[in-house]
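The values are calculated or read from the model by the stated rules, or taken from the named source; none is laboratory data. For clarity, every value in this text was computed on a predicted model and none was experimentally measured. So basically every Cβ, Gly included, is an ideal-geometry build from the backbone, and we count neighbours across all protein chains shown. The area values use the complete protein model at the heavy-atom level, side chains included, leaving out ligands, DNA and RNA. Shrake-Rupley method; radii C 1.70, N 1.55, O 1.52, S 1.80 Å.
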Amino acid sequence: KEQVNDRWMEAELDFNKTVIKERDTKSYCTWNHRRWCVKSIMDDGVRRETLKVEKSLCEKLLLLDDRNFHCWGYRSWVLSLLPPDPALNLAHSKSRLESNFSNYSAWHQRALHILSSPPASRPAIVTSDISLAENSFYTEPSDQSAWIYAHWAQTHAPETALLSYAQELHDDDSTCKWPTITLLNAESDPAKRKELLANLKENDPMRAGYYNDLE
């Protein structure tokens, strides 16, 4: 019975893969059905080998579309059922960020790694990640993905190079809002905060009401 069931599930996974690759890579029901197929495999050995194949498949699909959050989420679920390998997972997210730093899912993977790490080790991880984000800051300072991640990561390691990057970029181009917001978040002097907020209201007028509330 187990063998028959598992052959059905493997055939269903093959059909599902065709649907994902040829019809729709971002269908909730397709990815949920794939998860059900894997969970329905009864033989533990077959399931372990299937999970390894699934991990490889996800990485191939992410080469085609590295911002497919359905695939990222499925890959995270697959990894949760395999023996943990944080170094390999970090290397994968780093490779995706080096290919496209505006990748929210890859940054999210870095955040999950920080949260799963012992508190004492988090500052070193954050420092390394802020250095990784540096290329994004200087290449496209108006892209928000790395800044949003860095603002969150900074709460786990206050002493990083983030503020120096933000100050240098703000001095170079004061119309770019993300370096200015970064400086504002760290500023306690009322006069300097007022100056930074005035800058933001001028260069980001759509959110002037929000900046007024911060005064």
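Within the stretch 160-209, track down each residue that is in a helix (DSSP H, G or I), under 22 Å from TYR138 (Cα atoms) and among the charged types (D, E, K, R). Of everything in the stretch 160-209, those that are in a helix (DSSP H, G or I), under 22 Å from TYR138 (Cα atoms) and among the charged types (D, E, K, R) turn out to be GLU168, ASP171, ASP172, LYS177. Looking at VAL53, VAL4, can you tell me which residue is assigned to a helix (DSSP H, G or I), at pLDDT below 90 and among the hydrophobic types (A, V, I, L, M, F, W, C)? Testing whether each residue is assigned to a helix (DSSP H, G or I), at pLDDT below 90 and among the hydrophobic types (A, V, I, L, M, F, W, C) leaves just VAL4. If the condition is being assigned to a helix (DSSP H, G or I) and either over 26 Å from PRO83 (Cα atoms) or without any contact (Cβ under 8 Å) to a residue 40 or more places away in the chain (or both), then the stretch 31-50 contributes ASN32, HIS33, TRP36, CYS37, LYS39, SER40, ASP44, GLY45, ARG47, ARG48, GLU49. Screening the stretch 11-30 for residues that are in contact (Cβ under 8 Å) with a residue 40 or more places away in the chain and open to solvent by 80 Å² or more (accessible area, probe 1.4 Å) and picking the one that is farthest from CYS58 (Cα to Cα) gives TYR28. In this structure, does ALA157 turn out to be crowded, with 16+ Cβ neighbours inside 10 Å, closer than 24 Å to CYS71 by Cβ and of a type in the set (A, V, I, L, M)? No: the conditions fail for ALA157. Sub-8 Å Cβ pairs linking a first residue in the stretch 120-140 that is closer than 16 Å to HIS108 by Cα to a second residue that is among the acidic types (Asp, Glu) and open to solvent by less than 70 Å² (accessible area, probe 1.4 Å), at least 6 apart or interchain, are SER136/ASP143, ordered by first then second residue. Residue by residue through the stretch 31-50, note down the ones that are more than 22 Å from the chain's Cα centre (by Cα), under 17 Å from SER76 (Cβ atoms) and surrounded by fewer than 13 Cβ atoms within 10 Å (Cβ to Cβ). Within the stretch 31-50, TRP36, LYS39 meet the criteria. Within the stretch 111-130, the set of residues being among the polar types (S, T, N, Q), part of a helix (DSSP H, G or I) and open to solvent by less than 60 Å² (accessible area, probe 1.4 Å) comprises SER121 only.
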